[in-house]
Ligand code: ATP
């Protein structure tokens, strides 16, 4: 089974890192690949560059053998579309190996706005992780997709290469990259919300309005 966990990771924090390990344990896989995406233009220009986000992820997973970085979306020119990434991975893995994509409820709630979203469950299983403060709206396409294709247990994801949706209740950590960026730009410390090595890098490079040490 191949498990990917995508996001902007602007910056990566302990919510992301804990979640990746919880998923690895629950699915009984040896690794989870973090897949940073290009920042879509509408997110504004206050964040870190792709190279800086990638660098922070690498720092964060250093020494943790179960967490890896897959930088394919940053290598591609232009916007990152999940369907393209999954298609590429499917070609590499072959038709039989289970492929799993991890998303939070906030990201999954707008699933039907993703490009080629109908194709996605044909390519991969989806693990939807509950996120503090965001539940799936009952009437959403995401909810009905879940009702159509539920996985009862993590073990179900091993039975087929794609197509099931698993609701996964990981221990909740109410941490967001937005909250971290706001603390930094407001002159407050985000320490303990993210790895010290990442925070040090943020200060060294003056990211998110941080004062260089
Ligand atoms: P931002 O605040 O900038 O939107 P974020 O903290 O939500 O950032 P993303 O990089 O957008 O981080 O998140 C990547 C994925 O991780 C998304 O699917 C998101 O739902 C999930 N996620 C982020 N933080 C948490 C958390 N604390 N607990 C569970 N899931 C999370």
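Rule-based calculations on the coordinates, nothing more; no lab input. Fair warning: this is a prediction, and the values are worked out from it, not measured in the lab.
One table, with the values for the structure above:
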item	result
Crossing angle, helix 14-27 versus the chain [Cα axis fit, 0-90 degrees, rounded to tens]	30 degrees
Hydrodynamic radius of segment 34-125 per Kirkwood, over alpha carbon pairs, in Å	14.7 Å
Between helix 50-61 and the chain: long-axis angle, C-alpha atoms, 0 to 90°, nearest 10	80 degrees
Tilt relative to the chain, helix 82-93 - C-alpha long axis, 0 to 90 degrees, to 10	70 degrees
Cα extents of segment 2-209 along the three principal axes, largest first (Å)	47, 35, 32
Enclosed volume per residue, in Å³, of the convex hull spanned by Cα atoms of segment 95-213	151 Å³
Segment 182-196 and segment 93-168: distance between their alpha carbon centers, rounded to Å	32 Å
Within the chain, percent of DSSP bridges classed antiparallel, to nearest 5	5 percent
